[in-house]
Amino acid sequence: MEKEIKRSEVLEENTWDLTRLVKDESDFNQKLDMCYKLLDELVTFKGHILDSSKTLLDFYKKSEEYDLISNRIYIWAYLNIDTDTTDSAKQVFGEKVTELADKEAELLAFISPEMLSVPYSKVLEYIDGNKELEIYRQNLKDFYRYQAHTLTETEEGLLGKVSSMLGNNSKAFAKLNNADVDFGNIQDENNEEIKLTHANFGKYLESKNREVRKQAFTKMHEYYKKHINTFAVLYSGQVNEDCTNSKIRKYNSALEASLYSDNIPVSFYKKLLETVHNNLEPMYKYLDIRKNKLGLDELHMYDMHINIADLPEQKFTFEEGKEIVLEALKPLGETYINDLKQAFTNRWIDKYPNKGKRSGAYQWGIYDEDPYVLLNFNGTLESVSTMAHELGHAMHSYYSDKYQPFVYHDYPIVLAEIASTVNEVLLNEYLLKSAKTKEEKIYHISDLLNTIRATIYRQLMFAEFEMKIHELKENSEPITEQVLSNTYYELNKLYYGNNVVSDDLIRYEWARIPHFYTAFYVYKYATGLAAALAFASRILNNEENALEEYLTFLSSGGSKDPFDILKDAGLDMESGRPLEEALKLFNDKVNELEELLK
């Protein structure tokens, strides 16, 4: 049976170095005390923030001092927790930073209503008269956009006091989906009994042995079916929280509230869904090709992840995966590659799965410090791709932190998936060009098609599910387990077509998607891939200024509205062309695959 190692058994060289953030528990407590002291100092600005340009500048500087320290201890606490969600001692640090965040929300509730009670014109006068405030011009412009959605000081204070009760749906989901999860065992390709986990699920879903794929799919989704009523309560509670918050803050919908921070219209989101609906036929054709190449009478949902090429399973060590990634990303230039190598030499990465470790992968950037990357590397080509993906995030954070001041170092979420998917596209192109046989070419074309299927078609299916469920709540309609599961099941049938068997267990897949607890996030994967395909195409074709514009994009952080940052880099997202071109590429690659298979 495959053994899950304990966190204490993991070699230090395979873990990230968290001492860069906080040295030890004593250092954590000192920094925590300093945060409470700085909070008290920030409270002294109450009623005086905009007395003069000097008080406004002093307030910004004190706020940044607080944010720099609180960010470090917050990130340190949760990175620790994610390495072993079963360690109760680590949970204590999470509780302490949560208490700090609650106190911050309560004590600083006065800031928005106080500042927004002053005309924006007065703020502009301060900026024009004090050159040190110029750096905050974009930030203040973004801030004053929220004037219509900010409550009175009393109301903001009340919301701050109840903030500790919010987010519990997400926390409970995380426990049920990680610390308490038990998918049971399956028989692997060698008839050995294996414990199914989040970390190895993808591996077995890509197995050449169809029975293994079916077992993994069945065991995984039976867990969610068994607990489906609990998951339904948690998610309906999250939707209720989303909709209530949007109503309190006078948005027309939870969707509008979610898109507002990026200054993206609701019409853009709906245009994405319209565009993908108009391009479902290439998806259906691709799935028919999959079915025929795999020699199946029926294509099931557990047949979606296996590559259709007839090649033996590829396995890689972490070092081999690292070298492949470094070679694949050479089109991004020598400076990028040299900077990227620091991820491996300076312990940015927590590499392998262990008992209780959070599933999946992510990166966490922090100002004035190197980023952190969580992986669960298992030796598959997918895990190599995940490495490239998360390092794309890390380099985006690295360059934005390096070239932007603190106030703009954090790039908006709608841009977050672009750098990561550029790396994935470049990796695929490198592997395709390195292919020595026809079957290898089929493998890598199939891999790109499956990436587009999973990242554009599937994520927009998720996006449509979210929109439908939130609209039900906003129309005062009940959100039961049956409603959630049936809505998801019907969308699955639409996006995959009549020639695919939508297995009954797929109706419970919504329950295992953690991103649903961050409302309307998943559409950004689709837009990110569309933009990434455009960037990668320009770089690989050596278009004039393509690389320079892309590196400028990586260094832009949140210094402008997201779509303006992309326009500066040569992409007009609002036109809809990047998504249309991505789906055209998908159609072209489907036809190319069809020709290869003749």
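Give the residues of segment 393-414 that are under 13 Å from the mean Cα position of the chain (by Cα) and over 16 Å from Asn338 (Cβ atoms), sorted by residue number. Outline the logic, then answer.
Within segment 393-414, the first condition is being under 13 Å from the mean Cα position of the chain (by Cα), and the residues that meet it are 393-394, 411-414.
His393, Tyr411, Pro412, Ile413, Val414, listed by residue number.
Could you check segment 104-162 and list, in sequence order, the residues that are outside any helix (DSSP H, G or I), in contact (Cβ under 8 Å) with a residue 12 or more places away in the chain and of a type outside the set (A, V, I, L, M, F, W, C)? Spell out how you get there, then give the answer.
Step one: of segment 104-162, the residues outside any helix (DSSP H, G or I) are 108-110, 117-119, 130, 150-152.
This time we only want the ones that are in contact (Cβ under 8 Å) with a residue 12 or more places away in the chain, so: 108-110, 118, 130, 150-152.
Listed by number, the residues that qualify are Asn130, Thr150, Thr152.
Looking only at segment 1-35, which residues are of a type in the set (Ser, Thr, Tyr) and either under 30 Å from Asn190 (Cα atoms) or loosely packed, with under 12 Cβ neighbours inside 10 Å (or both)? Walk me through how you get there before you give the answer.
Narrowing segment 1-35 to residues of a type in the set (Ser, Thr, Tyr): 8, 15, 19, 26.
Listed by number, the residues that qualify are Ser8, Thr19, Ser26.
With in contact with a Phe, Trp or Tyr (Cβ under 8 Å, 6 or more places away or on another chain), modelled with pLDDT of 95 or more, more than 21 Å from Gly167 (Cβ to Cβ) and loosely packed, with under 15 Cβ neighbours inside 10 Å as the only criterion, which of Glu125, Glu64 stands out?
Values: Glu125 fails: in contact with a Phe, Trp or Tyr (Cβ under 8 Å, 6 or more places away or on another chain).
Sole residue among the options that is in contact with a Phe, Trp or Tyr (Cβ under 8 Å, 6 or more places away or on another chain), modelled with pLDDT of 95 or more, more than 21 Å from Gly167 (Cβ to Cβ) and loosely packed, with under 15 Cβ neighbours inside 10 Å: Glu64.
When the residues of segment 440-455 are narrowed to those that are among the β-branched types (Val, Ile, Thr) and out of contact with any Ser or Thr (no Cβ under 9 Å at 6 or more places or on another chain), which ends up farthest from Leu484 (Cα to Cα)?
Of all residues in segment 440-455, those among the β-branched types (Val, Ile, Thr) come to 442, 445, 451-452, 455.
Filter once more, keeping what is out of contact with any Ser or Thr (no Cβ under 9 Å at 6 or more places or on another chain): 442, 445, 452.
Working: Ile442: 37, Ile445: 34, Ile452: 25 Å.
The residue in question is Ile442.
Residues in segment 77-98: is at least one outside the structural domain of Lys175 (by TED's automatic domain parsing), more than 22 Å from Ala174 (Cβ to Cβ) and either out of contact with any strand residue (DSSP E or B) (no Cβ under 6 Å at 6 or more places or on another chain) or free of Cβ contacts under 8 Å to residues at least 12 places away in the same chain (or both)? Break it down stepwise before answering.
At the first step, the residues of segment 77-98 found to be outside the structural domain of Lys175 (by TED's automatic domain parsing) are 77-98.
Then drop every residue that is not more than 22 Å from Ala174 (Cβ to Cβ), which leaves none.
Within segment 77-98 (the criterion being outside the structural domain of Lys175 (by TED's automatic domain parsing), more than 22 Å from Ala174 (Cβ to Cβ) and either out of contact with any strand residue (DSSP E or B) (no Cβ under 6 Å at 6 or more places or on another chain) or free of Cβ contacts under 8 Å to residues at least 12 places away in the same chain (or both)), the answer is no, since none of the residues qualifies.
For segment 370-393, check the following and say yes or no: at least one residue is surrounded by 18 or more Cβ atoms within 10 Å (Cβ to Cβ) and under 28 Å from Glu256 (Cα atoms).
Yes, segment 370-393 contains a residue that is surrounded by 18 or more Cβ atoms within 10 Å (Cβ to Cβ) and under 28 Å from Glu256 (Cα atoms).
Just checking, how many residues over segment 402-419 are surrounded by fewer than 24 Cβ atoms within 10 Å (Cβ to Cβ), touching a Gly at 6+ places or on another chain (Cβ under 9 Å) and of a type outside the set (A, V, I, L, M)? Talk me through it step by step, then tell me what you get.
Just the residues of segment 402-419 that are surrounded by fewer than 24 Cβ atoms within 10 Å (Cβ to Cβ), to begin with: 402-410, 412-413, 416.
Pick out the ones that are also touching a Gly at 6+ places or on another chain (Cβ under 9 Å) and you get 403-405, 407-410, 412, 416.
Subsequent filtering for residues that are of a type outside the set (A, V, I, L, M) retains 403-405, 408-410, 412.
Of the residues in segment 402-419, 7 are surrounded by fewer than 24 Cβ atoms within 10 Å (Cβ to Cβ), touching a Gly at 6+ places or on another chain (Cβ under 9 Å) and of a type outside the set (A, V, I, L, M).
Quick check on this structure: which one of Gly157, Gly94 is under 26 Å from Phe516 (Cα atoms) and surrounded by 13 or more Cβ atoms within 10 Å (Cβ to Cβ)? Write out each step before concluding.
On the way: Gly157 fails: under 26 Å from Phe516 (Cα atoms).
So the residue among Gly157, Gly94 that is under 26 Å from Phe516 (Cα atoms) and surrounded by 13 or more Cβ atoms within 10 Å (Cβ to Cβ) is Gly94.
Going through segment 467-500 one residue at a time, which ones are surrounded by fewer than 18 Cβ atoms within 10 Å (Cβ to Cβ), aliphatic (A, V, I, L, M) and over 23 Å from His227 (Cα atoms)?
Leu494
Which of (1) part of a helix (DSSP H, G or I); (2) within 22 Å of Ile111 (Cβ to Cβ); (3) in contact (Cβ under 8 Å) with a residue 24 or more places away in the chain is the odd one out, the single condition Ile49 does not satisfy?
(1)
The values are calculated or read from the model by the stated rules, or taken from the named source; none is laboratory data. Note that the structure is a prediction, hence the values are computed from the model and not measured. Neighbour counts run over all protein chains shown; Cβ positions are idealised from the backbone, glycine included.
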